[in-house]
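What follows is a single structure, written as structure tokens, with notes after it.
The values are calculated or read from the model by the stated rules, or taken from the named source; none is laboratory data. All values reported here derive from a predicted model rather than from experimental measurement. No Cβ is skipped: glycine too gets one built from the backbone with ideal geometry, and neighbour counts run over all protein chains shown.
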Amino acid sequence: MDTVKRIAKRMSPKENRKSYKEECSVFLSHRKKESLWERISIWKEDVICIYQRLRYGYCYRDIWSIDQWFLTVVPNMIHDLRVNSHGYPSFFEGPEEENIRKWDRILGRMEFLFREANEDTCRKKNLYEEEHDLAQEEFTTKYGMFGEKLKTEEEIAREKREHTHRLYMMSDVPEYVEISGKWLAAEGELREYRDQCLKQGMELMTKYFRNLWD
């Protein structure tokens, strides 16, 4: 890609840092909900991850969920490229200002799609999430995490003989069937939406992959 210098003012590093929406920290000890002792106890692991990222560019914690790492880090990189980019793909035709705006829209669209593909940053949420959580809490209180209190004596005896373990879910109890069904249906729609966003984002990345540099 032959780059053409932008006329637009480049964002300062300070302004750019403030515009990030999601973090993928090397640390586990930065979370405020943990006690000081708990943070100290995992300090050594943080140091190991810092070393691994400095030497290899990634750490073992990133490997735990490469897909989540990608959907967290890559949108931030694309965002940074978009707000600080000095040029655009050389095959764009048209006036310079129009090409700059076009490239900005493409990068912005790519960033948006990857953020929408991430469950944590997706703007769409399950409308039944709160109701489902309350029902799940009630179910657990009444019947146990996996419905242990629903088992009959015959079931318990059979499990001991056959070395099996029956798990009961909310959908197995009539009073929770409706909310369970609504929540599951909404989750299916959300997964389909996020998968579609991921597919479109990957298509854009594939098309402009060799142009993702500044």
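In the set (1) surrounded by fewer than 18 Cβ atoms within 10 Å (Cβ to Cβ); (2) of a type in the set (Asp, Glu); (3) more than 17 Å from Met202 (Cα to Cα), Asp80 fails one condition alone, (1). Taking residues in segment 76-92 that are within 23 Å of Asn118 (Cβ to Cβ), and partners anywhere that are of a type in the set (S, T, N, Q), the pairs with Cβ atoms closer than 9 Å and at least 6 places apart or on different chains are His79/Asn16; His79/Ser19; Asp80/Asn16; Asp80/Ser19; Val83/Asn16; Val83/Ser19; Asn84/Asn16; Ser85/Thr3.
Of the residues that make up segment 191-214, is at least one farther than 30 Å from Ser85 by Cα, surrounded by 11 or more Cβ atoms within 10 Å (Cβ to Cβ), free of Cβ contacts under 8 Å to residues at least 60 places away in the same chain and not basic (Lys, Arg)? No, because not a single residue in segment 191-214 is farther than 30 Å from Ser85 by Cα, surrounded by 11 or more Cβ atoms within 10 Å (Cβ to Cβ), free of Cβ contacts under 8 Å to residues at least 60 places away in the same chain and not basic (Lys, Arg). Counting only helices (runs of 4 or more DSSP H) that sit completely within segment 56-166, zero hold 3 or more residues that are β-branched (Val, Ile, Thr) and over 30 Å from Asp46 (Cβ atoms). Checked across segment 188-203, the condition of being in a helix (DSSP H, G or I), outside the structural domain of Ile106 (by TED's automatic domain parsing) and more than 19 Å from Lys124 (Cα to Cα) holds for at least one residue. Name the single residue, out of those in segment 141-190 being among the small types (Gly, Ala, Ser) and touching a residue at least 40 places away in the same chain (Cβ under 8 Å), that is surrounded by the most Cβ atoms within 10 Å (Cβ to Cβ). Checking each candidate, the answer is Ser180.
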